[in-house]
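A short worksheet on the structure shown next.
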Amino acid sequence: MKDIKNIFEWNMGFQASIRPFLIAGNCAAETPTQLQTTALGVKKAGAQLFRAGIWKPRTRPNSFEGLGESALPWLIEAGQLAQLPTCTEIATPQHAEAALKAGVDVLWIGARTSVNPFAVQDIADCLAGTDTPVLVKNPVNPDLELWLGAIERLYNAGLRRIGAIHRGFSIYNKTKYRNEPLWEIAIELRRRLPQMTIINDPSHIAGHSDYLQEIAQIALDMGFDGLMLESHPNPSQAWSDAKQQIRPDELQLLINSLHNRESISQNHDFTLNLEQLRAEIDEFDFQILALLAKRMEIARQIGEFKQAHNVAILQMERWNSIYKSRRREAASLRVSGEFVAEVWNAIHKESIQQQSAILAQNKDLSGILTPK
Ligand code: PEP
Ligand code: MN
């Protein structure tokens, strides 16, 4: 998919010099005036694309599900008034057709739709041969392949003006955010499709206006291409996502507060220092790798030992003591306990896999799962 076009090659007049690339607007269209006030306000804040939801997939029935087709002309008029191209979420081929017919410039596929390959395929079939610009939100569950699959379906239908929106993931153990960013998934998408635009959506990650700024800054520091932010003239009265919307003047303050850090510096000393520090990191990484390899070698020897003596792989007592002692040591080394727990969980899992492979060579598996 190397010929997917970056957003600035979409021939829509977007300017790379206005940073960050900003998509802003209402969570949902409510009235013509609300859309017009927001469009004018977000334009002032630097938005280059105006958003508003017409169809709103909601988790529970009886919540506001969008006004539907009747609000499409309002979106177009608000865009024209503010001289901004428009975008909206579509979930079915019928939505796509209605939006394009009304003159919406860019479509996006929402998180609850990109999760469903049949739904995405129907949309892709409907758009085949049009080169409609489409942004694909990450699926609600943390699955990079599913996200890539949705992009691929549009690509296979001939579309080339494709981008992605990172809006965070539903996870079981929620933190303070509505959706967990899991930045590593968006970074991996960037690694796989480096030329494709990735927009971060702090509003749907945060779920609350208090956290928008910190998320937006991280997104810029990670080198993502732009932001999608929800704005409303009177957020507390919004018909949907009231807690996470901010007024257009607040949006302007937020955007002005962001630091646009350069991806490279022309400063010679900086470059030299950075290279030296990176060389040290490389060196340490290879040392870590060599140590891990040695550790796994010993784990395999233990596996053979256990096989010979018909002893189960998982020894809970031993694992508990490893886990606790490594975390304790970490505390005195300025390394966070959670990080160490995550690393040793991964190391332990790999050791168990390697030992299981050894025990599986012995067809008599009776000892493997016997608790001690
Ligand atoms: C939205 O952008 O208003 C929306 C519903 O987003 P998501 O699909 O990310 O939940
Ligand atoms: Mn919303």
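The values are calculated or read from the model by the stated rules, or taken from the named source; none is laboratory data. Bear in mind the structure is a predicted one, so any value in this text is a computation, not a measurement. With ideal geometry, Cβ positions are generated from the backbone for all residues, glycine too; neighbour counts draw on all protein chains shown. Ligands, DNA and RNA are stripped out before the accessible areas are found, and what is left, the full protein with its side chains, is counted by its heavy atoms. Shrake-Rupley method; radii C 1.70, N 1.55, O 1.52, S 1.80 Å.
Pairs under 6 Å by beta carbon, first residue closer than 14 Å to Ile7 by Cβ in segment 216-227, partner modelled with pLDDT of 95 or more and assigned to a helix (DSSP H, G or I), six or more apart or different chains? Short answer, once both residue conditions are applied: Leu227/Ala216.
Taking into account only those residues within segment 131-179 that are of a type in the set (Asp, Glu) and at pLDDT 95 or above, which is farthest from Asp201 (Cα to Cα)?
By that ranking, first place goes to Glu152.
Within segment 165-199, if we keep just the residues that are in a helix (DSSP H, G or I) and over 19 Å from Ala216 (Cα atoms), the residue that is least open to solvent (accessible area, probe 1.4 Å) turns out to be Arg192. Scan segment 322-333 and tell me whether some residue there is within 20 Å of Gln355 (Cα to Cα) and among the polar types (S, T, N, Q). Within segment 322-333 (the criterion being within 20 Å of Gln355 (Cα to Cα) and among the polar types (S, T, N, Q)), the answer is no, since none of the residues qualifies.
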